[in-house]
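The values are calculated or read from the model by the stated rules, or taken from the named source; none is laboratory data. Values in this document were obtained by computation on a predicted structure and should not be read as measured data. Glycine gets a Cβ as well: all are built from the backbone with ideal geometry, and neighbour counts include every protein chain shown. Quick note on the areas: whole protein, heavy atoms, side chains included, nothing else; ligands and nucleic acids left out. Shrake-Rupley method; radii C 1.70, N 1.55, O 1.52, S 1.80 Å.
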Amino acid sequence: DCEPIQPDPTITPIESVPTSVVPIQVAIQQYTHPSHRFQLDYPEHWQYFEQPNSVQLVEPDGQAGYTVIFNQVDRKYNADELNQYLTAFVSQNFAQKETGFSAITQENRPDGTVSAQFSSIDANLGPTVTQIQVKQQGSILFVTLVSATEEQWQLSAESLQRLANTLRPLDVMPADPTDEPPEWVLIGPTR
């Protein structure tokens, strides 16, 4: 007969200590969207999913994510219009009754970016915190979202915000079109 092995009562079990979803030892990669509208940095072990006007990056355990969405506009938006854009985006995508939406902060930054933070209940992850930033560069409005479970937000908020701030707009046109026709220059062979 074999007797089951009993745990040693003098040994204290090791509890799992949560770590950041952006560990210090993980290399950071540079990502360029196929549209060439922007670049950003992301942890090399995260997966990304591209759409024609966006990219979503997801931490392997699904505890955090990072999304950039861009839209072409035909004029320069002022701070009030950017705030309205942000509010409408959050209302349409997050502020339903069943999500337990709760606003945390909203601010206008000196660089023209509008930012908001809120909590909600994700159907798969439970309580989450999301930070959204809206900024205009030339004729492009960029919406950047970082989000994580509440537990991960406590550990990773600073690292996630740093990732969101790596957004580098690339191919953007001026937002104030003029009525003057473009000046066309033909370039031919140099022989």
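The figures follow:
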item	result
Count of residues meeting criterion [more than 19 Å from L125 (Cβ to Cβ), open to solvent by 50 Å² or more (accessible area, probe 1.4 Å) and at pLDDT 90 or above] in region 14-47	7
Of all residues making up region 48-76, the number that are exposed (fewer than 13 other Cβ atoms within 10 Å of the Cβ) and either β-branched (V, I, T) or under 16 Å from S159 (Cβ atoms) (or both)	2
Residue satisfying all of: in region 86-95; open to solvent by 60 Å² or more (accessible area, probe 1.4 Å) and of a type outside the set (G, A, S); modelled with the highest pLDDT among these	T87
So G100, is it open to solvent by less than 70 Å² (accessible area, probe 1.4 Å) and farther than 15 Å from Q131 by Cα	yes
In region 114-128, the residues that are of a type outside the set (S, T, Y), surrounded by fewer than 22 Cβ atoms within 10 Å (Cβ to Cβ) and under 15 Å from the mean Cα position of the chain (by Cα)	A116, Q117, F118
Some residue of region 157-167 being surrounded by fewer than 23 Cβ atoms within 10 Å (Cβ to Cβ), more than 16 Å from L86 (Cα to Cα), touching a Leu at 6+ places or on another chain (Cβ under 7 Å) and not polar (S, T, N, Q)	yes
Number of the condition not met by D111 [criteria: (1) buried (at least 16 other Cβ atoms within 10 Å of the Cβ); (2) touching a Lys or Arg at 6+ places or on another chain (Cβ under 8 Å); (3) more than 20 Å from S35 (Cβ to Cβ); (4) not β-branched (V, I, T)]	(1)
